[in-house]
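Student: Have a look at the structure that comes next, please.
The values are calculated or read from the model by the stated rules, or taken from the named source; none is laboratory data. Predicted model, so just to flag it, every value in this text is computed and none were measured. Here the Cβ positions follow ideal geometry from the backbone for every residue, glycine too, while neighbour counts run over all protein chains shown.
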Amino acid sequence: MAADSRTGTARLVPGRVARPLAAALAVTCLALLPHLDVGRPAGGGAGAAAERLGTTPPVRAAKAPCVLRADRLVLRGARFRGVVSLRAGTGTVRALKFTVRSLDAVDLDLTVGRGRAAMRLRARPATTSTLSGQGAGGVATLYVRRLTGRVTGLGGSPLPAHRNLTVTPDSVPRWLARPAPHAATRTITLARATASQLTQFGGRLSIKGPQLRTTARGRHGA
């Protein structure tokens, strides 16, 4: 983690994440490639069916549960890539795949793990944390098991009739699964957003005034 003393901003950069923080948080599932467990396909069956990124073996889901919450979540240059299979300890799990040019999270709140072992990273109140794509084509790739929120913007396109959104691998709204040809990539804005079981790589996360704590003291800490 690199910090800017003038702005109070912390940046999580591939290969430069502080070792103690990375160990405690798995760097909040956003520890990028050094902490993304990528394995080789196990041959046929589910392993062979798992989604491949070019010649890269199937991606492994985050080992610890990771939940991202934000008062407002803005996915810029976003494109839904479908439902894919990720490797997990028990075989494979299905997830939603998105690519984004950048992601802005107002009042970012990340929780990794369960119970007293969970760790929580929060940004300073009323600030915007930004994930900037640095992967192939300047995008970051996001895998989530569940995405909820209220749709407040689709980059100028008409809003859906049902704006309260719950997306899972088994329930993808038509406007997301089949965008108009001119809207292959667009800006998606969600209010009161939650992304569960998040795995991400190919980007750099900047957080203003990050606060790291365990959840043993309760959800809001002390």
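Student: Residues of segment 180-201 being under 22 Å from Thr111 (Cβ atoms) and crowded, with 18+ Cβ neighbours inside 10 Å, which ones?
Tutor: If the condition is that a residue be under 22 Å from Thr111 (Cβ atoms) and crowded, with 18+ Cβ neighbours inside 10 Å, then Leu190, Ala193, Thr194, Ala195, Gln197, Leu198, Thr199, Gln200, Phe201 are the ones that fit.
Student: Pick from Ala61, Ala48, Ala105: which is touching an Asp or Glu at 6+ places or on another chain (Cβ under 9 Å) and modelled with pLDDT under 80? Explain how you work it out, then say what you get.
Tutor: Numbers: Ala48 fails: touching an Asp or Glu at 6+ places or on another chain (Cβ under 9 Å); Ala105 fails: modelled with pLDDT under 80.
After applying the criteria, what remains is Ala61.
Student: Considering Pro125, Pro160, which residue is surrounded by fewer than 16 Cβ atoms within 10 Å (Cβ to Cβ), of a type outside the set (Gly, Ala, Ser) and touching a helix residue (DSSP H, G or I) at 6+ places or on another chain (Cβ under 8 Å)?
Tutor: Pro160
Student: Conditions: (1) within 19 Å of Val112 (Cβ to Cβ); (2) of a type in the set (Gly, Ala, Ser); (3) modelled with pLDDT of 75 or more; (4) surrounded by fewer than 17 Cβ atoms within 10 Å (Cβ to Cβ). Ala177 meets all but one. Number of the miss?
Tutor: So the condition that Ala177 fails would be (1).
Student: Determine whether Ala70 is of a type in the set (A, V, I, L, M, F, W, C), surrounded by 15 or more Cβ atoms within 10 Å (Cβ to Cβ), modelled with pLDDT of 95 or more and farther than 14 Å from Gly203 by Cβ.
Tutor: Taking the combined requirement at face value, the residue satisfies it.
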